[in-house]
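Below is one structure; the comments refer to it alone.
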Amino acid sequence: MTFNKSDSRGVKQPHNDPLVIMLTIEGFNTKRILVDNGNSVDIIYFSAFQQLKLDPRRLHPFDSPLISFSGDRVYPRGIVTLTVTVGTYPKQLTRQMDFFVVNCPSSYNVIIRRPALNKWKASTSTYCLKVKFSMEDGVGEVKGDQVLARECYQAILAAKENHTWIVEEKEEEKVEALEVVELIEGEMTKTTRIGTTLSPEIRTRPIQFLKENLDVFAWSHDDMPGISPEVIQHKLNVDPERKPIKQRRRTFAPERDQAIADEVSKLLTAGFIREVYYPDWLANVILVKKANGKWRMCVDFTDLNKACPKDSFPLPRIDQLVDSTAGHKLLTFMDAFSRYNQIKMAYED
């Protein structure tokens, strides 16, 4: 299945409209159906369930609530199996599909997500506003209704509707036991940890991969050269109308003084910091106790932050990050060593 320029014919460009289509459900043409590639729950709203004049006795109970990314919870009326036909004659596909019946306000009648798309062997294009699905004798398609999509979107904004429902897991995941693995034989200071429940094959492969790529590990500040400024560097965008502020010098207890001296010595040796004379801006360091009892040295850049504009969108969309993990067997969390030192400050700053 492919999408080309002809597939976008009739779509007003540029646009960021959702993909809203029509399907035949239980023999009735049903409009206002949102196609959403995210999440894993197909939903029919209770108002649409009633309009289709479906027998409530067809509902199978479902105890777990649906939860949105904003934390809202709703208990579905149940799960119902419906006959759904996608496409237009002669290229049509009919399948039995399970829907969660949700009783809450919505501008949509139905939300189609991954289970339905996978059952249809379908691909979507939000640019072309079209769904294509595989058939034995070719490829069928459904065009989106751009006018209806905009009407629904405006209604959603006005009513502040929520459509990011996922099933809340009842049982909490247990923390997996970890074993220590030496990456360099005989050097217990250069180790990593790996789950004990992995199969022998899966366990061997990541350990071998890590040993073959030891050069990416940093055991101390000296092992971490940092990212070249030619690739990326951190620049300050200070408001020129703000006056530089020099904080008053703070005093620390002997234990904290020693921790500061040790950290400063490490940073100087690694070349991450340098001594300056007569600075316009002056900020104190702050020590924060770590969980392991050691000290983390931070800098009080409160005054400097106030003089710089704020980033209104500092993080990516969390729901997209969660959805991107679907279909993968393994998930890893990388902990970058002293990550705040990896990207260097622009020299002029």
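The values are calculated or read from the model by the stated rules, or taken from the named source; none is laboratory data. Here the structure is a predicted model, which is why all the values come from computation and not from measurement. Here Cβ is always computed from backbone atoms with ideal geometry, including for glycine, and neighbour counts include all displayed protein chains. Ligands, DNA and RNA are stripped out before the accessible areas are found, and what is left, the full protein with its side chains, is counted by its heavy atoms. Shrake-Rupley method; radii C 1.70, N 1.55, O 1.52, S 1.80 Å.
Is one or more of the residues making up segment 313-327 over 30 Å from ARG114 (Cβ atoms), part of a loop (DSSP other than H, G, I, E, B) and open to solvent by less than 100 Å² (accessible area, probe 1.4 Å)? No, segment 313-327 has no match at all.
In this structure, is LEU183 open to solvent by less than 50 Å² (accessible area, probe 1.4 Å) and not polar (S, T, N, Q)? Criteria met by LEU183. Yes or no: ILE232 in a loop (DSSP other than H, G, I, E, B), touching a helix residue (DSSP H, G or I) at 6+ places or on another chain (Cβ under 6 Å), surrounded by 10 or more Cβ atoms within 10 Å (Cβ to Cβ) and aliphatic (A, V, I, L, M)? For ILE232, the condition - in a loop (DSSP other than H, G, I, E, B), touching a helix residue (DSSP H, G or I) at 6+ places or on another chain (Cβ under 6 Å), surrounded by 10 or more Cβ atoms within 10 Å (Cβ to Cβ) and aliphatic (A, V, I, L, M) - is not met.
Let's see how each residue does on (1) without any contact (Cβ under 8 Å) to a residue 24 or more places away in the chain; (2) within 25 Å of GLU151 (Cβ to Cβ); (3) open to solvent by less than 20 Å² (accessible area, probe 1.4 Å); (4) not in a helix (DSSP H, G or I):
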position: THR2; (1), (2), (3), (4): yes, no, no, yes
position: VAL20; (1), (2), (3), (4): no, yes, yes, yes
position: PRO76; (1), (2), (3), (4): no, no, yes, yes
position: ARG95; (1), (2), (3), (4): no, no, no, yes
position: PHE100; (1), (2), (3), (4): no, yes, no, yes
position: LEU117; (1), (2), (3), (4): no, yes, yes, no
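Among residues that are acidic (Asp, Glu) and either open to solvent by less than 60 Å² (accessible area, probe 1.4 Å) or modelled with pLDDT of 95 or more (or both), ASP63 is not included.
Of all the criteria given as (1) of a type outside the set (Asp, Glu); (2) under 36 Å from the mean Cα position of the chain (by Cα); (3) open to solvent by 70 Å² or more (accessible area, probe 1.4 Å), the one not satisfied by THR269 is (2). With respect to the conditions (1) over 17 Å from ARG32 (Cβ atoms); (2) open to solvent by 20 Å² or more (accessible area, probe 1.4 Å); (3) touching a residue at least 40 places away in the same chain (Cβ under 8 Å); (4) over 25 Å from the mean Cα position of the chain (by Cα), GLY140 lacks only one, and its number is (2). Being open to solvent by 80 Å² or more (accessible area, probe 1.4 Å), at pLDDT 90 or above and either in contact with a His (Cβ under 6 Å, 6 or more places away or on another chain) or not in a helix (DSSP H, G or I) (or both) is true of GLU241. In segment 224-247, what residues are over 21 Å from LEU282 (Cα atoms) and either in contact with a Pro (Cβ under 8 Å, 6 or more places away or on another chain) or free of Cβ contacts under 8 Å to residues at least 12 places away in the same chain (or both)? PRO225, SER228, GLU230, VAL231 - these are the residues of segment 224-247 that are over 21 Å from LEU282 (Cα atoms) and either in contact with a Pro (Cβ under 8 Å, 6 or more places away or on another chain) or free of Cβ contacts under 8 Å to residues at least 12 places away in the same chain (or both).
Within segment 155-166, identify whether any single residue is within 30 Å of ILE21 (Cβ to Cβ), at pLDDT 90 or above and either over 27 Å from the mean Cα position of the chain (by Cα) or open to solvent by 60 Å² or more (accessible area, probe 1.4 Å) (or both), and answer yes or no.
There is no residue in segment 155-166 that is within 30 Å of ILE21 (Cβ to Cβ), at pLDDT 90 or above and either over 27 Å from the mean Cα position of the chain (by Cα) or open to solvent by 60 Å² or more (accessible area, probe 1.4 Å) (or both).
Just one of the listed residues (ILE79, ILE25, ILE44, ILE33) is closer than 14 Å to VAL110 by Cα and more than 32 Å from the chain's Cα centre (by Cα), and it is ILE25. Of the residues making up segment 78-93, those that are within 16 Å of LEU52 (Cα to Cα), hydrophobic (A, V, I, L, M, F, W, C) and either open to solvent by less than 30 Å² (accessible area, probe 1.4 Å) or not in a strand (DSSP E or B) (or both) are VAL80, LEU82, VAL84. Contact annotation: residue pairs with Cβ atoms under 6 Å, 6 or more positions apart or on different chains, pairing a residue in segment 277-291 that is assigned to a strand (DSSP E or B) with a partner that is open to solvent by 60 Å² or more (accessible area, probe 1.4 Å), are LEU282/LYS246; VAL285/VAL299; LEU287/ARG256; VAL288/ARG296.
The residue pairs whose first member lies in segment 208-220 and is open to solvent by less than 50 Å² (accessible area, probe 1.4 Å), whose second member is small (Gly, Ala, Ser), and whose beta carbons are closer than 8 Å, counting only pairs six or more residues apart or on different chains, are ALA218/SER338.
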